[in-house]
1. Regarding Leu374, is this residue open to solvent by 70 Å² or more (accessible area, probe 1.4 Å) and of a type in the set (A, V, I, L, M)?
2. Examine region 250-273 for a residue that is within 18 Å of Ala180 (Cβ to Cβ), at pLDDT below 95 and surrounded by 13 or more Cβ atoms within 10 Å (Cβ to Cβ), and state whether such a residue exists.
3. Just wondering, is there one or more residues in region 222-245 that are at pLDDT below 90 and of a type in the set (D, E, K, R)?
4. Just to be sure I understand, how many residues within region 346-371 are out of contact with any strand residue (DSSP E or B) (no Cβ under 8 Å at 6 or more places or on another chain) and either surrounded by 17 or more Cβ atoms within 10 Å (Cβ to Cβ) or β-branched (Val, Ile, Thr) (or both)?
5. Quickly run through region 310-331 and pick out the residues that are open to solvent by 60 Å² or more (accessible area, probe 1.4 Å) and in contact (Cβ under 8 Å) with a residue 40 or more places away in the chain.
6. Just wondering, is there one or more residues in region 336-351 that are in a helix (DSSP H, G or I) and among the basic types (Lys, Arg)?
7. Which is among the β-branched types (Val, Ile, Thr), surrounded by 14 or more Cβ atoms within 10 Å (Cβ to Cβ) and closer than 21 Å to Asp53 by Cα, of Val189, Val171, Val215?
8. Filter region 390-438 down to residues that are open to solvent by 80 Å² or more (accessible area, probe 1.4 Å) and under 23 Å from Ala377 (Cα atoms), then give me how many there are.
Amino acid sequence: MFLGALIDAGVPPRVLEETVAALGVGARLEISRVIRSGISATKVDVWVDGEKDLPREEYWAKQNVARAPSPAQTHQEHAHHHDDKHSHHHNHEHSSDSSISGTGVSAPHEHSHGRGLKEIREIIGKAAISDTAKKTAIAIFEALGAAEARIHATSIEKVHFHEVGAVDAMVDIVCAAVGAEALGVDEIVCSPLNVGGGMVKCAHGTFPVPAPATVELLPDAPVYSTGVQAELVTPTGAAIVKTLVKRFAAFPEMTIEKSGYGAGSRDFPGHPNVVRLTIGEVATALATNTSSELLTVLEANLDDLNPQVFGYVMDRLLEEGALDAFGVPVQMKKNRPGTLLTALCRPEDANKLTQLIFSETTTLGVRRRDEVRLSLARRWENVRTQWGDVRIKIASMNGTVTNYAPEYEDCRRIATEHRVPLKTVMQEATRAYTGSNRQ
């Protein structure tokens, strides 16, 4: 789906076709135009030795059919078992390695005929693609292998990729690395991932969606499910996202230049099974001077709350993850003086902090809205004063320092411990910072 979106967004098909040829693994691409729930999209299929890559459940259903004995074979085996006068015992030792198909399925494999990461690294290393794309592709494979190794309690070098599946995965991953490089963008931002739902058939049996490897690969990613009973993010897709994406965020502020849609194999009623890739440019000032993030603002008007409790609520909000909390005097209805409580937080913390406001204050309602915050790059430096170290918060724009200030809590601690005026400690820390940066 990502390869289809790349082509649809402007990456020349020949770039990916030449990449597949450079791998020399007997694969080819088939590129077509399809409709998914009313959306026209580019579909990319990988063919290996006359076989097309299939969705995971279709792949394993096909394998199970192929492995199932015919009625005649079953009868012969049954007769052989009862007619023989002597016993035949075969002690087959099974490999402890894990086997991964191109659909991202892993399982202990009885006879490891797949490619290990060492061989895959060698194939990618010999391919006629850029060094950057090689490093990216290998990083994606290593992320996938590491996830499977952790799940199956083995080492990454013992993870093997199913013979046909390894080719599918290699094409998907290497083309994703080459295609992403061909886009020529500064960063890739990903929206929260719809992982799907239900159960999925794998080599080991039936597992809940998202699959264990997908969960392992996306520990910090925002995910959700709209209730579609299908796997919408596979382990291979999760490994690609984990490696290529710089950050997860809502749709970023930018000027859209072009977009593309990559189609999946299935067509769900009312749910476009596509990946959309949107290319654009942020305003120069925003791109160079600030970073942008989506935050949630919580507000409540309070006119009958004990002022001592208000201070406690502010402290609790900050302890529970609020990025900022403050109160503003307001004149409320019936001319009653009150306080406007405002808390700034990350969207994932909003529900928890709303509950806190309801439980700790007398308000009957909390207003909530999402806003975009632009912020300067910031970092910390330690400076030494005669009483101890103090952290200095430094803000910069385009690499130039625009503001700096000593950390209040550090200065207050030193002032209390050494019985020195707070303003003296803050002045000394500021002088230490400016003096060290003149040298």
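The values are calculated or read from the model by the stated rules, or taken from the named source; none is laboratory data. Since the model is a prediction, treat every value here as computed from it, not as a measurement. Using ideal geometry, Cβ is built from the backbone for each residue, glycine included, and neighbour counts are taken over all protein chains shown. Ligands, DNA and RNA are stripped out before the accessible areas are found, and what is left, the full protein with its side chains, is counted by its heavy atoms. Shrake-Rupley method; radii C 1.70, N 1.55, O 1.52, S 1.80 Å.
1. Judged against the criteria, Leu374 is a match.
2. yes
3. No.
4. Step one: filter region 346-371 for residues out of contact with any strand residue (DSSP E or B) (no Cβ under 8 Å at 6 or more places or on another chain), giving 348, 351-352, 355-356, 358-360, 364.
From what's left, either surrounded by 17 or more Cβ atoms within 10 Å (Cβ to Cβ) or β-branched (Val, Ile, Thr) (or both): 356.
Residues flagged as out of contact with any strand residue (DSSP E or B) (no Cβ under 8 Å at 6 or more places or on another chain) and either surrounded by 17 or more Cβ atoms within 10 Å (Cβ to Cβ) or β-branched (Val, Ile, Thr) (or both) within region 346-371 amount to 1.
5. The one that is open to solvent by 60 Å² or more (accessible area, probe 1.4 Å) and in contact (Cβ under 8 Å) with a residue 40 or more places away in the chain: Tyr312.
6. no
7. Val171
8. Summing the residues that are open to solvent by 80 Å² or more (accessible area, probe 1.4 Å) and under 23 Å from Ala377 (Cα atoms) in region 390-438 gives 11.
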